[in-house]
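Working notes, structure below.
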Amino acid sequence: MIIETVPNFSEGQNQETLEAISASFTGAGARLLDYSGDVDHNRSVFTAAGTDAQIEAALLAAIETARDRIDLRTHQGEHPRVGAADVVPLIPIDGVTVSECVTLARKIGGRIWSELGIPVYLYESAATRPHCKNLADVRKGGFEGLAGKMQDPMWKPDFGDCRPHPSAGVVVLGVRKPLIAYNFLLDTEDIGVARKISGKIRERDGGLPCVKALGMMLKGKGAQVSVNLTDYEVTGLYEVYTAVALEAAALGARVVSSELIGLVPERALADAAGKFLKMENYSFDKVLEKRLS
């Protein structure tokens, strides 16, 4: 059994805090595969894998560390957030089903509240209510609007009281497919350009299916289009890069660079290469390493 988790923490500037969170994963026996922090977003993404017991222990330890070290009352960053440990997805990789991961998510959610005192919302495949399925809807209003939002019976958490933890907010915990976080830096400091491009390409506004996007500003760098691909087999890296580049050109801008946040499935990169090269007979089975494995 292998379960992956990719928790996002609301800290991208304090290296000591990132190292403490990192130690929480390894100390609990999970395999920490990757982590990186972004100064402008003031956010970090960790990727770890392990058995159900290892992931459960590692997440509880890491979320406790985040609770003790991150104070959202003084936190500032470009990325939306409602928690110190903001969003915590579980992803079934091998020998485990979505249903089993949902059961684990609910177990972990109960422990986060009972042992750490942080309310929990369940999202995506673990959601118990339709309006909580979409992460963006749960996170709408941010930490600053959370206390008021939680007074609405519609936004009662799945675990915990109807008020956020004073400094750590809430945890949004769920089960989903592998997600690719893919960002684009533009050669403009006009955030309006990034927001227009985001509005054109994201699914909820009639754009590409399985694409979420936001326009942000990176200090000293320029405007950024921050993208999440929720199913890369529906809309992949090539398609979203092409769409962003075309929309940027229409607005008199261009893509300076792109970056991956966290890890990416091998097939996503191979598929992008095959489409860029216009290979008529491409399939993932043409990849040597795939055949050897």
- Query: Take the residues of region 259-282 that are in contact (Cβ under 8 Å) with a residue 40 or more places away in the chain, surrounded by fewer than 17 Cβ atoms within 10 Å (Cβ to Cβ) and not in a loop (DSSP other than H, G, I, E, B): which is nearest to the chain's Cα centre (by Cα)?
  - Reply: L260
- Task: Output the residue which, of all residues in region 125-151 that are out of contact with any strand residue (DSSP E or B) (no Cβ under 8 Å at 6 or more places or on another chain) and in a loop (DSSP other than H, G, I, E, B), is farthest from R81 (Cα to Cα).
- Result: R129
- Query: Within region 19-61, restricting attention to residues that are under 19 Å from the mean Cα position of the chain (by Cα) and of a type in the set (S, T, N, Q), which residue is farthest from V171 (Cα to Cα)?
  - Reply: S36
- Item | Residue that is at pLDDT 95 or above and surrounded by fewer than 19 Cβ atoms within 10 Å (Cβ to Cβ), where the choices are E100, E56 | E100
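Evaluate the following for P178: is it at pLDDT below 95, buried (at least 16 other Cβ atoms within 10 Å of the Cβ) and not in a strand (DSSP E or B)?
yes
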- Message: Given the options M217, M154, name the one that is in contact (Cβ under 8 Å) with a residue 60 or more places away in the chain, not in a loop (DSSP other than H, G, I, E, B) and not hydroxyl-bearing (S, T, Y).
- Response: M217
- Note on the structure: Checking F25, F46 in turn, the sole residue that is touching a helix residue (DSSP H, G or I) at 6+ places or on another chain (Cβ under 6 Å) and aromatic (F, W, Y) turns out to be F25
- Task: Please report, ordered by residue number, the strands (runs of 3 or more DSSP E) entirely within region 1-111 with at least 1 residues that are polar (S, T, N, Q) and either out of contact with any Gly (no Cβ under 7 Å at 6 or more places or on another chain) or without any contact (Cβ under 8 Å) to a residue 12 or more places away in the chain (or both).
- Result: 2-5, 31-38
- Item | All positions within region 1-40 that are among the acidic types (D, E) and crowded, with 17+ Cβ neighbours inside 10 Å | E4, E11, D38, D40
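The values are calculated or read from the model by the stated rules, or taken from the named source; none is laboratory data. The model shown is predicted, which means the values in this text are computed figures rather than measured ones. All Cβ positions, even for glycine, are placed from backbone atoms using ideal geometry, and neighbour counts span all protein chains on display.
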